[in-house]
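Everything on this sheet refers to the single structure shown next.
The values are calculated or read from the model by the stated rules, or taken from the named source; none is laboratory data. Since the model is a prediction, treat every value here as computed from it, not as a measurement. Backbone-built Cβ (ideal geometry, glycine too); neighbour counts: all protein chains shown. We work out accessible area using only protein heavy atoms, side chains counted, and drop any ligands, DNA or RNA first. Shrake-Rupley method; radii C 1.70, N 1.55, O 1.52, S 1.80 Å.
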Amino acid sequence: MSRAPLWRAVAALAVIATSLLLALTMAPRLGLDLRGGTQLVFETKDSPTVRADADATDRALDVLRRRADALGVVDPTLVRSGEKRIIVELPGVLDPREAAEVIGKTAQLNFHPVLGPAGDGDKDAVADESGQKLKLGPVALSGAGVTDAAAGTDPQLGPGWFVTIDFREAGPWRELTGKAACEPIGDPRRRVAIVLDDEIISSPQVNETVTCGAGIPGGTTQITGSFSAEEAQNLAVLVKGGSLPVPLELVEQRTVGPTLGADAIAASAKAGVAGVILTAVFIGLVYRLVGLLAAVALACYGLISYAGLVAMGATLTLPGLAGFVLAIGMAVDANVLVFERAREEYGAAPRRGLKAALDRGFKKAWSAVADSNITTLLAAGLLFWLASGPVKGFGVTLAIGVLASLISAMLITRVLAAALIGRFGPGVSGLGSIGRVRTWLTRRNPDLMRAGRRWLAVAAGLLVLVGAGLVTRGLNYGVEFTGGRIVEFGTSRPVDVAAARQAVSDAGFPTAVVQRSDDAISVRTGQITADDVVRVEEALDRRVGEVTKQRDELVGPSLGAELRRNALIALGVALAAQLAYLAFRFRWTFGAAAVAALFVDAAVVVGTFAWLGKPIDGVFLAAMLTIIGYSVNDKVVLFDRVRELWPVSRGTPFGRVVNTAILQTVPRTVNTGLGALFILAALAVFGGDSLRDFAIALLIGIVAGTLSSSFVAGPAAIELERRAGQPPPAPAAPRRRPVARDGSGAVV
């Protein structure tokens with residue numbers, strides 16, 4: 001007796017127990033879009049003396065980390081991205097002005113002797129605190145010589161704040177102040193200029209008690225001025241953190257309020273629960289007992305996916321939550337493939353019993369399950385490699401979900417079904433018949449491929465319609481791909497969009513795009529500053545009532561062009577990767593036909609968004625790559641069946657073989673598509689504005705992908721095979737059965 005079922009049961013219990021332990025003992029790491037905070041992306045630039053390479057970026061990263069720590073931010077995250085970019089995540093910091101001005105300030109601190117008042121036309125003159133132009137000598141002491149800095153106040157010295165600076169060596173400061181003390185009291189040359197980023201922040205006169213040549217001993221001084229408490233604290237942070245080795249340019253900024261993140265989590269949880277319930281009911285009605293067991297396995301899938309996320313320390317983002325919910329629908333796919341195969345096996349040999357049919361169903365479905373999941377993993381890998389920001393989290397979550405779905409369907413469902421399938425009859429089990437749809441198709445046997453060229457002409461017409469939309473309407477690229485700023489304000493009551501648009505115009509931005517959705521107003525502009533955002537918020541407060549900033553995204557023009565280029569590369573690489581894999585697993589004609597159908601699917605989604613004027617952004621890119629990965633599953637299942645039928649039907653025209661394969665795989669295609677549509681409908685209803693467009697794109701893509709498998713991929717493969725001139729694949733050689741021996745085989 002085989003011990004394989006026992007080992008499978010032990011493995012399933014071990015996976016579930018480990019996942020449960022991880023889920024109960026580890027907390028998920030939420031992205032800023034879920035817990036609130038600010039993300040800044042800086043890019044290092046060359047300075048006159050230092051080249052912005054990986055080493056300079058690492059040194060700048062150390063300086064930024066010291067500044068973030070000095071600001072008192074809880075659990076800041078700073079990482080280098082590529083060679084020249086630094087990503088800074090500051091949880092709880094909702095004022096991007098404070099974060100960007102303090103974290104990313106160049107902070108070149110220098111101490112100069114004052115040579116006297118500047119003459120007219122002196123280009124090197126620098127204005128002091130009062131506006132008087134001074135001529136400065138060369139740097140006598142740099143910020144590298146500073147060991148510590150702290151903000152303080154002393155009522156005995158006056159109400160103002162000051163910054164105390166400690167120097168690494170006392171000599172340079174004593175020498176600088178000693179030379180200044182030789183000048184007459186009141187003479188500008190008796191002053192020392194403290195310059196921060198080419199601006200004099202303080203130019204104190206050396207006290208009259210300091211004698212010429214002696215200077216100020218002790219290696220400590222105070223910078224005084226009309227500082228507020230916040231200004232003194234920020235200056236101390238900059239001085240103590242040190243000077244950046246190279247200048248930084250802010251290329252991207254995202255700020256999300258905690259309320260929006262909490263709403264997103266709640267919405268995704270509702271979508272997940274609703275999707276699981278709808279999917280469980282659907283699969284239970286269609287496949288009865290084994291469908292209910294698959295629903296239990298789906299619940300285990302959710303546990304395994306969550307445990308995998310927390311164990312890897314992956315950051316869970318809003319698109320990541322969408323990926324988590326979407327993968328539930330994808331987990332149904334493997335179960336449907338197995339059950340449809342098991343139904344066929346039982347119908348072909350009912351005497352063998354349900355258990356044998358189920359075992360053969362798992363074995364024969366494995367090829368299509370593996371191929372379809374590998375293609376989805378390719379799309380997830382491209383998302384992680386080429387996408388940016390929260391969309392990377394979607395790629396990670398999708399990949400974990402695919403692996404968890406394999407464990408759920410091929411291990412847990414199999415263990416549960418093997419334990420219960422023999423105790424019920426064929427009708428209750430759900431495997432006793434091939435289903436009403438398959439029975440009707442088998443009886444009618446429609447020849448869909450007779451009109452194959454007509455289907456291809458319809459697909460060509462759709463491409464023309466897509467092209468017309470792109471030419472006449474164009475694509476509404478989001479800020480992520482064009483550069484600019486988009487700010488979303490929550491409102492306490494319904495607001496007239498015309499009044500909001502007028503308020504933004506009165507604030508000085510007449511060309512801004514103002515839109516209303518539910519209880520929020522979004523303002524999209526070009527490259528405006530954080531102070532401009534505050535001005536817009538104040539204008540809206542006065543005109544339409546109290547508003548609360550929920551989201552603030554800034555993308556530089558260079559980064560937007562780069563992201564747009566990467567999006568096109570991602571789509572091209574995705575199609576090429578699918579073609580390469582399908583050509584390797586099947587024939588090149590099958591791969592080319594599948595990629596042609598995928599191109600039609602992608603074009604239909606892009607064209608629909610062009611005609612509707614919906615935004616094309618990073619989340620749309622995630623949807624497109626998911627559509628490619630999801631749609632190719634249908635093509636894999638179709639061509640896997642063609643590959644199986646063709647060698648044993650060598651006298652049958654290839655078009656009839658493809659037609660038979662389509663009719664045999666339609667139940668799987670329809671049932672899998674419906675499972676995913678339940679999830680996406682839940683996302684569209686409960687997910688809010690941030691996920692609604694994502695769900696709409698996937699709904700369109702999955703419907704198009706389901707139809708294109710039969711009406712584009714099939715006819716395209718027929719046309720390519722007519723021109724390829726390759727012979728059909730040879731039938732697989734029959735497996736030789738071992739010959740029973742007479743006797744023991746011993747020789748005397």
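Results, tabulated for the structure shown:
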quantity	calculated
Per-residue ³J(HN,Hα) for region 290-295, Karplus 6.51 cos²θ - 1.76 cosθ + 1.60, θ = phi - 60°, Hz, x for Gly and Pro	5, x, 5, 5, 5, 5
Nonlocal amide H pairs with TRP161, under 5 Å, H built at 1.01 Å	PHE227
Computed over region 156-205, Kirkwood Rh from alpha-carbon pairs, angstrom	12.7 Å
Farthest positive-ward along the chain dipole, Cα basis, beta-carbon charges - from GLY490, SER226, ALA180	GLY490
Student exercise, region 549-610 dipole from Lys, Arg, Asp, Glu Cβ charges, in Debye to nearest 20	120 debye
Nearest-20 debye value, the chain charge dipole, Cβ charges on Lys, Arg, Asp, Glu	5980 debye
Degrees separating the helix 229-241 axis from the principal Cα axis of the chain, which is the longest one	70 degrees
Carbon plus sulfur fraction of accessible area for the chain, probe 1.4 Å, in percent	59 percent
5 angstrom amide H check on LEU136, placed H, neighbours 5+ away	LEU115, VAL126
Potential extension, ARG51-THR153 segment - 0.36 nm per residue separation minus Cα distance	32.7 nm
On Cα atoms only, tilt of 530-544 relative to the major axis of the chain in degrees	80 degrees
Model label zone, ARG443; criterion: amide N under 17 Å from point 7 Å along Cα-to-beta-carbon; scope region 637-667	664, 667
Solvent-accessible area of GLU538 with every protein chain in place, 1.4 Å probe, in Å² to the nearest 10	90 Å²
Label-point separation, ARG542 to ARG352 (7 Å along Cα→Cβ), nm	8.0 nm
Whole-Hz couplings from phi, Karplus 6.51/-1.76/1.60, listed for region 357-372; x for Gly and Pro	5, 5, 4, 5, x, 5, 5, 6, 7, 4, 4, 5, 4, 5, 5, 5
Sequence-distant residues sharing a close amide H with ARG168 (under 5 Å, placed H)	VAL146, THR147
The chain: translational diffusion in µm²/s, Stokes-Einstein, Kirkwood Rh over Cα pairs, 20 °C, 1.002 mPa s	71 µm²/s
HN-Hα J in Hz across region 80-93 - Karplus 6.51, -1.76, 1.60, θ = phi - 60°, x for Gly and Pro	8, 10, x, 8, 10, 10, 10, 9, 10, 10, 10, x, x, 8
Stretch gain in nm, segment GLN527-ASP187, where the contour uses 0.36 nm per residue and the Cα spacing is subtracted	117.9 nm
Computed over region 347-464, the ratio Rg/Rh where both radii use C-alpha atoms and Rh is Kirkwood	1.12
Cα-based convex hull, region 174-317, per residue volume (Å³, whole number)	193 Å³
Extension reserve of the THR164-ARG450 stretch, reckoned as 0.36 nm per residue once the Cα distance is removed	94.3 nm
Average projection area in nm² (convex hull over Cα atoms of region 418-518, one quarter of hull surface)	16.3 nm²
Region 654-725: proportion of alpha-carbon pairs further apart than 17 angstrom, %	54 percent
Kirkwood Rh, angstrom, region 473-545 [1 / mean 1/r, Cα pairs]	12.5 Å
The chain: angle of helix 4-25 to the longest principal axis, Cα-based, in degrees nearest 10	20 degrees
Equivalent-ellipsoid semi-axes of region 141-240, from the Cα gyration tensor, Å, largest first	22, 16, 13
Cα lying deepest toward the dipole's positive end in region 510-568, options GLN527, LEU540, LEU559, charges on Cβ	LEU559
DSSP-defined antiparallel bridges as percent of all bridges, the chain, nearest 5	95 percent
Inverse mean reciprocal Cα-Cα distance (Kirkwood Rh) of region 556-599, Å	11.4 Å
Charge-dipole axis of the chain as Lys and Arg at +1 and Asp and Glu at -1 on Cβ define it, positive-most pick from ALA118, VAL636, LEU680	VAL636
Heavy-atom accessible area per residue - region 416-476, 1.4 Å, Å²	66 Å²
Sequence ranges 266-276, 117-127, ranked by mean other-Cβ count within 10 angstrom, highest first	266-276, 117-127
Between region 475-524 and region 14-91, the Cα center-to-center distance that results, in Å	30 Å
